Amino acid sequence: MALRLARSHHSPHLSGKPGLITPELIERQLSSHTRLVALASCHYLSGWRIDVDAIGALLHARGVLFSVDAIQTLGRLSFKR
């Protein structure tokens with residue numbers, strides 16, 4: 001399988017609150033070109049946690065891969081597979 005480099009889209013502070021990322025914010029950022037969304041499960045400074053299950057369901061329904069950096073919350077929160 002050949003991989004090609006794609007442009008990335010970085011949108012810090014979409015909600016006006018650092019680290020607050022909702023499924024609605026993610027949905028507004030998606031396009032027909034979106035193939036992967038990568039998020040941290042918890043903002044390193046504010047402590048806001050994302051709704052991994054809701055965002056994952058949204059992305060799954062659109063056929064978009066979802067990568068979660070859960071190192072800060074892995075031992076504390078449970079995640080569905």
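Checking A38, A2 one by one, the residue that is at pLDDT 90 or above and either of a type in the set (G, A, S) or touching an Asp or Glu at 6+ places or on another chain (Cβ under 7 Å) (or both) is A38 and no other. Out of contact with any His (no Cβ under 7 Å at 6 or more places or on another chain), modelled with pLDDT under 90 and of a type in the set (A, V, I, L, M): is that true of L25 in this structure? No. Would you pick out the residues in segment 16-59 that are within 16 Å of Q72 (Cα to Cα) and either without any contact (Cβ under 8 Å) to a residue 12 or more places away in the chain or among the small types (G, A, S) (or both)? The answer is G19, A38, A40, S41, S46, G47. Checked against the criterion of being in a loop (DSSP other than H, G, I, E, B), loosely packed, with under 14 Cβ neighbours inside 10 Å, at positive phi and modelled with pLDDT under 80, segment 45-56 contains not a single residue that satisfies it.
Identify, from the list L20, L30, L58, L65, the residue that is under 10 Å from the mean Cα position of the chain (by Cα) and of a type outside the set (S, T, N, Q).
Details: L20 fails: under 10 Å from the mean Cα position of the chain (by Cα); L30 fails: under 10 Å from the mean Cα position of the chain (by Cα); L58 fails: under 10 Å from the mean Cα position of the chain (by Cα).
One residue alone meets the criteria, L65.
The values are calculated or read from the model by the stated rules, or taken from the named source; none is laboratory data. The structure displayed is predicted, hence computed values, not measured ones. Positions of Cβ are generated from backbone atoms using ideal geometry, with glycine treated the same way; all protein chains shown enter the neighbour counts.
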